[in-house]
């Protein structure tokens, strides 16, 4: 089977291997186990591989480089208009040569893929919508357009659309899905950490306005000012790094806030095992792996109620749902860290729930999708 992959994810090439963001590649390597050849249509813009990037494992990859584009300014929009015909042609050629078409949405490449796949109604297709599928959510026009196309069974013949969470009034091609990070064999015993001594928090994610790492810092800062022995470790890089460093310095938080930059999966896993809480006050998510991973290792989530997060946290029975009102959220956390029994009950519930979603189960679902 020739598998055509259309994605906006930036790639790089080093030592004869194509690489990209590791959670994405790990998932695609599972799809790759059941295909003979992969045609990847994506931007090739990464220059140096970092700790959060890994190579594809498949040995037969036909990479079709396309220009990255966006419409964030008038100049970039004009430049993109000249790039689009060639990008569309590359997508069309790859789809024509494929036995199965797979789109990664939402994104600029996903939008073009949604449009071009209409020309191939008889070919088996899947689309992974890795963002918030809530049709009522306020999102960019391109995201809303992708959701509209993917929900239209006339335009997406022979396609299964994988979305996070279960949503009312979905069309028949919409399939509730999940993602995973660990195998059955990774299920070593873990138990709730005692709420004695220092209460530790971890943030894992891009240091961007959308992920709101500053809010995570402010939560811990306020707990500290109220006399609690707390600390926060922040993993990730991004545009907000400098402003976060300045905030920490100005507010004299160096003793309780640590910025660790990008780290590999094993380091982050150890952090989940050691810390009490994983904090994700994000403004938009699909299925946040950070939350599921933390729960897997007994690190209780504190997260904003976006996308399927309320379902993941059982509406506050296996984690705290943030209101994004600082005083209220600090009070919520205080209530939890002073109630050992409640904390332990929720951690155990979180562990039990998250360990249903292993890579073994995920791979079996992928295999069925490709064989159907």
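The values are calculated or read from the model by the stated rules, or taken from the named source; none is laboratory data. Just so it is clear, the model here is predicted, and its values are computed rather than measured. A quick note on method: Cβ atoms are made from the backbone with ideal geometry, for glycine too, and the neighbour counts reach across all protein chains shown.
Checked against the criterion of being at pLDDT below 95, in the same structural domain as residue 141 (by TED's automatic domain parsing) and either surrounded by fewer than 19 Cβ atoms within 10 Å (Cβ to Cβ) or touching a strand residue (DSSP E or B) at 6+ places or on another chain (Cβ under 7 Å) (or both), the stretch 85-96 has at least one qualifying residue. Is it the case, given these coordinates, that residue 27 is within 18 Å of the chain's Cα centre (by Cα) and free of Cβ contacts under 8 Å to residues at least 60 places away in the same chain? No, not satisfied. Taken over the stretch 116-133, the criterion of being over 28 Å from residue 1 (Cα atoms) and either out of contact with any helix residue (DSSP H, G or I) (no Cβ under 8 Å at 6 or more places or on another chain) or surrounded by fewer than 17 Cβ atoms within 10 Å (Cβ to Cβ) (or both) is satisfied by 132 alone.
Condition test on residue 64, is it in a strand (DSSP E or B) and over 30 Å from residue 183 (Cβ atoms)? So residue 64 passes the test. Filter the stretch 134-151 for residues that are in contact with a helix residue (DSSP H, G or I) (Cβ under 7 Å, 6 or more places away or on another chain) and farther than 21 Å from residue 85 by Cβ; which is modelled with the highest pLDDT? Ranking the candidates gives 150 first. Could you please let me know if residue 328 is without any contact (Cβ under 8 Å) to a residue 24 or more places away in the chain, over 25 Å from residue 50 (Cα atoms) and part of a helix (DSSP H, G or I)? Taking the combined requirement at face value, the residue satisfies it.
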